[in-house]
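Structure record follows, encoded as structure tokens.
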Amino acid sequence: MDDLCIGTRYFTNMIDESIDPIKAIAKYHLEKPIYSTKIPSLERFNTLRKLIEKYDVDGVINIAQKFCEPILYDHPFMNKKFKEMGMPYLFIEIDYNRESYKQSSTRFEAFAEII
Amino acid sequence: MSNNAHVKSQMLKSTIKLKNEMGRHYLAIEQAYREGKPTAWATSGTPVELLYAMEVQPMLPENSATISAATKNSQKFIELAEDEGFSYDLCSYFKTNMGTTLSGTTDLGMGGIKKPTFMLSSDVICDTHVKWFQVQAERYNVPHFTIDVPHVVSNTSNRQIEYYKKYIQEQLWEFLDFVTEITGHKLEHDKARVVTENSYNLGKIWQEIFELRKTIPSPVSTKDTFGGLFPLFTMPGLKTPVKLYQRMYKEAKERVDNGIGALSNEKYRLMFEGIPFWHNLKYFNFLEQFGAIIVYEPYTYAFSKFMNPNITKEMLLDNPVKAMSEIMLSFWYIYDLKTRIQKFEETVRDWKIDGVILHDNLSCRPNACGLYDLKKHLMEDFDIPCLIITADMNDPRKLNTTQVRNRIESFIELLDRHKKR
Ligand code: SF4
């Protein structure tokens, strides 16, 4: 299960085809689970928690691109919340390059073992 | 190239009084806590005037962060925030502020902070402001109000702009209700008039001081403007900083009338774009030995606020909420690249600038974004020499003093050749 803007979040809710299209699109955007760029972080955490329960998730991976400030701001909060839940949580800050992909895969493997 | 190590630029005598203003601001904060008066954290770019008008004592964490840096405390706070899990790449103002919270430092003299009654942020300058205050509002468990300001880009139509103005205005009315609900204070029209008039005068005198800097030699250097900025952030609406700026203006005008420059051997006139290195404010002093002086900083000018000619004093006094919403929409840092290039070109011409130094600030995306395009256009379209330096305003670890200095020295050599052409 993912919480990516152009992943599952994109079709979590649907555009209501029975009403005025402009209104329907606006409603769709306003009712989508919030992005990391929006606040409060708690709302985002609650969405993730629901997903975890629904899909019986064993671990959470949070990947932040360097300079993706919204994700970076949320990380300590998420870390704390997942700890409270007893949910394994892996946080990785990456750059767009091969080196960082290699390093990440090593960390994924280690994380899989923890789970 | 002249190389006189003994030349020093002269600070205005009145700027020294700035310390008193800062002291006054801190005393007001201490007093507010003693008397149980409501207080608020505010991010820069928000209408701090409305807080003053509603008898709420403002505190600006960005400003406190600069104090931490100037007193050499920022690095320690930043590292504390990093230990807490906040990334090396996040804004160092935020991390300084977070570190102060984590360490429990409330000493205002070293940039300490206190728990406010509520927080006011806006994304007018950066999205960091909103996330930052949200993180802190959750930690301190205080209410947080944020004002969303749409950005004006090259295709924004007039119709959209009119809609944006209304959108911001509605939020400001909401904000007033929010303050009333928490504090019981209402916006009194007479008080609002006094506050906004002071703020207007403060911004306008600051702009007049900048006008004087068009003179060759420039009567004022960054020694006056970097620090002199403080009241524009923290005290817009009070009377005393207006008096301070009036004194600064008078002194600078006397220098102009007598042909005296801040730097006696002025040879190269520079523009510095970006936030200064608060952790090393003396850094640029080495420019003086080359006869180079910074005569304009878009950053320090931007906070004079009242640059949009459509916002008149009458409008501000009669309808502060409307005027404030328009000011938020015409803030320098929400300009698109095209307008930014145009503003830079005009400024370079009017202030007779020989070269532009652009601070690629590792902390600050709004500041750093577009710098390379800006540089390219200024150099290729207008033949304006530009130099980009990479550093950070509050994190001393990110300034390589020798490397940056070498690059600036080579840049001055280039300016010399450029001038002789
Ligand atoms: S330095 Fe830049 S990122 Fe940090 S608060 Fe200021 S505008 Fe925002």
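The values are calculated or read from the model by the stated rules, or taken from the named source; none is laboratory data. Owing to the predicted nature of the structure, the values given are computational and were not obtained by experimental measurement. Every residue, glycine among them, receives a Cβ derived from its backbone with ideal geometry; neighbour counts consider all protein chains shown. Surface areas here come from the heavy atoms of the whole protein model, side chains and all, with no ligands, DNA or RNA. Shrake-Rupley method; radii C 1.70, N 1.55, O 1.52, S 1.80 Å.
Among the residues of region A:50-64, what is the count of those that are within 21 Å of A:Glu109 (Cβ to Cβ) and within 14 Å of the chain's Cα centre (by Cα)?
Within region A:50-64, residues that are within 21 Å of A:Glu109 (Cβ to Cβ) and within 14 Å of the chain's Cα centre (by Cα) number 7.
Considering region B:364-404 alone, what residues qualify as being at pLDDT 95 or above and basic (Lys, Arg)?
Hits for region B:364-404 are B:Lys375, B:Lys376, B:Arg397, B:Lys398.
Restricting attention to region B:343-360, which residues are more than 21 Å from B:Glu409 (Cβ to Cβ) and open to solvent by less than 20 Å² (accessible area, probe 1.4 Å)? Before the answer, list the steps.
At the first step, the residues of region B:343-360 found to be more than 21 Å from B:Glu409 (Cβ to Cβ) are B:343-352.
Answer for region B:343-360, where residues must be more than 21 Å from B:Glu409 (Cβ to Cβ) and open to solvent by less than 20 Å² (accessible area, probe 1.4 Å): B:Phe344, B:Thr347, B:Val348, B:Trp351.
Only one of these is in a helix (DSSP H, G or I), of a type outside the set (A, V, I, L, M), over 16 Å from the mean Cα position of the chain (by Cα) and within 30 Å of B:Pro219 (Cβ to Cβ): B:Tyr33, B:Tyr52, B:Tyr26. Name it. Walk me through it before giving the result.
Values: B:Tyr33 fails: within 30 Å of B:Pro219 (Cβ to Cβ); B:Tyr52 fails: within 30 Å of B:Pro219 (Cβ to Cβ).
Result: B:Tyr26 is the single residue among B:Tyr33, B:Tyr52, B:Tyr26 that is in a helix (DSSP H, G or I), of a type outside the set (A, V, I, L, M), over 16 Å from the mean Cα position of the chain (by Cα) and within 30 Å of B:Pro219 (Cβ to Cβ).
Output the number of residues of region B:331-387 satisfying the condition of being among the basic types (Lys, Arg), away from the ligand (no atom under 16 Å from the Cβ) and closer than 26 Å to B:Ile311 by Cβ.
3
Give the residue, chosen from B:Leu90, B:Leu176, B:Leu102, that is crowded, with 19+ Cβ neighbours inside 10 Å and of a type outside the set (Val, Ile, Thr).
Every option except B:Leu90 fails the conditions.
Table: residues versus (1) at pLDDT 95 or above; (2) farther than 19 Å from B:Ala137 by Cβ; (3) not aliphatic (A, V, I, L, M).
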site	(1), (2), (3)
B:Ser14	no, yes, yes
B:Tyr33	yes, no, yes
B:Val48	yes, no, no
B:Leu60	yes, no, no
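Give the residues of region B:119-150 that are among the aromatic types (Phe, Trp, Tyr), more than 10 Å from every other protein chain (Cβ to nearest Cβ) and in contact with a helix residue (DSSP H, G or I) (Cβ under 7 Å, 6 or more places away or on another chain), sorted by residue number.
Listed by number, the list holds a single entry, B:Phe145.
Please verify whether region B:102-110 includes one or more residues that are part of a loop (DSSP other than H, G, I, E, B) and touching a residue at least 60 places away in the same chain (Cβ under 8 Å).
No, every residue in region B:102-110 fails to be part of a loop (DSSP other than H, G, I, E, B) and touching a residue at least 60 places away in the same chain (Cβ under 8 Å).
Tell me, which helices (runs of 4 or more DSSP H) wholly within region B:209-314 include 2 or more residues that are within 16 Å of the ligand (Cβ to nearest atom), out of contact with any Asp or Glu (no Cβ under 7 Å at 6 or more places or on another chain) and closer than 30 Å to B:Arg365 by Cβ?
In region B:209-314, the matching helices (runs of 4 or more DSSP H) lie at B:230-234, B:298-302.
Counting just the residues of region A:14-32 that are open to solvent by less than 100 Å² (accessible area, probe 1.4 Å) and either in a helix (DSSP H, G or I) or in contact with a Pro (Cβ under 9 Å, 6 or more places away or on another chain) (or both), which one comes out farthest from A:Thr47 (Cα to Cα)?
Going through the qualifying residues, I end up with A:Pro21.
Just need a number here: residues in region B:148-166 that are under 20 Å from B:Val321 (Cβ atoms) and open to solvent by less than 80 Å² (accessible area, probe 1.4 Å).
7
Checking B:Glu170 against (1) outside any loop (DSSP other than H, G, I, E, B); (2) without any contact (Cβ under 8 Å) to a residue 40 or more places away in the chain; (3) in contact with a Gly (Cβ under 7 Å, 6 or more places away or on another chain), only one condition comes out false. Which one?
Of the numbered conditions (1) outside any loop (DSSP other than H, G, I, E, B); (2) without any contact (Cβ under 8 Å) to a residue 40 or more places away in the chain; (3) in contact with a Gly (Cβ under 7 Å, 6 or more places away or on another chain), the odd one out for B:Glu170 is (3).
Which of (1) of a type in the set (Val, Ile, Thr); (2) within 26 Å of B:Cys364 (Cα to Cα); (3) more than 9 Å from chain B (Cβ to nearest Cβ) does A:Ile39 not meet, given it meets every other one?
All conditions are met except number (3).
Could you look through region B:86-109, keep only residues that are closer than 18 Å to B:Cys364 by Cα and among the charged types (D, E, K, R), and pick out the one that is farthest from the other protein chains (Cβ to nearest Cβ)?
Step by step, filter region B:86-109, then rank; the result is B:Lys95.
Quick one: would you say B:Lys166 is within 28 Å of B:Ile334 (Cα to Cα) and away from the ligand (no atom under 16 Å from the Cβ)?
The answer is yes for B:Lys166.
Go through region B:115-136 and give me each residue that's more than 16 Å from the ligand (Cβ to nearest atom) and buried (at least 18 other Cβ atoms within 10 Å of the Cβ). Spell out the reasoning first.
Of region B:115-136, the ones more than 16 Å from the ligand (Cβ to nearest atom) are B:115-118.
Correct list: B:Pro116, B:Thr117, B:Phe118.
Under 8 Å between Cβ atoms, at least 6 apart or on separate chains: pull out the pairs that start in region B:296-322 with a residue that is among the basic types (Lys, Arg) and end on any residue that is assigned to a helix (DSSP H, G or I) and open to solvent by 60 Å² or more (accessible area, probe 1.4 Å).
If the second residue must be assigned to a helix (DSSP H, G or I) and open to solvent by 60 Å² or more (accessible area, probe 1.4 Å), the pairs left are B:Lys313/B:Glu197.
Of all residues in region A:58-115, count the ones that are without any contact (Cβ under 8 Å) to a residue 12 or more places away in the chain and among the charged types (D, E, K, R).
Selection size over region A:58-115: 9.
Across region A:64-88, which residue is farthest from the other protein chains (Cβ to nearest Cβ) among those that are within 21 Å of B:Gln134 (Cα to Cα) and among the hydrophobic types (A, V, I, L, M, F, W, C)?
The qualifying residue farthest from the other protein chains (Cβ to nearest Cβ) is A:Phe82.
One residue is enough: does region B:67-85 have a residue meeting the conditions farther than 25 Å from A:Ala64 by Cα, within 10 Å of another protein chain (Cβ to nearest Cβ) and buried (at least 16 other Cβ atoms within 10 Å of the Cβ)?
Checked against the condition, which is being farther than 25 Å from A:Ala64 by Cα, within 10 Å of another protein chain (Cβ to nearest Cβ) and buried (at least 16 other Cβ atoms within 10 Å of the Cβ), region B:67-85 yields no hits at all.
Of all residues in region B:388-402 being assigned to a loop (DSSP other than H, G, I, E, B) and either away from every other protein chain (no Cβ under 14 Å) or over 12 Å from B:Pro276 (Cα atoms) (or both), which is nearest to the ligand (Cβ to nearest atom)?
B:Met393
Out of A:Phe82, A:Phe91, report the one residue that is open to solvent by less than 70 Å² (accessible area, probe 1.4 Å) and assigned to a helix (DSSP H, G or I). Working first, answer last.
Working: A:Phe91 fails: assigned to a helix (DSSP H, G or I).
The conditions single out A:Phe82.
Which of the residues belonging to region B:263-293 are polar (S, T, N, Q) and either under 14 Å from B:Gln10 (Cβ atoms) or crowded, with 23+ Cβ neighbours inside 10 Å (or both)?
Result: B:Ser264, B:Asn265, B:Asn285.
Cβ-Cβ under 6 Å, sequence separation 6+ or interchain: first residue in region B:326-352 and part of a loop (DSSP other than H, G, I, E, B), partner open to solvent by 40 Å² or more (accessible area, probe 1.4 Å) and of a type outside the set (Phe, Trp, Tyr). Which pairs?
From residues that are part of a loop (DSSP other than H, G, I, E, B), the pairs are B:Asp336/B:Val153; B:Asp336/B:Ser154; B:Trp351/B:Lys214.
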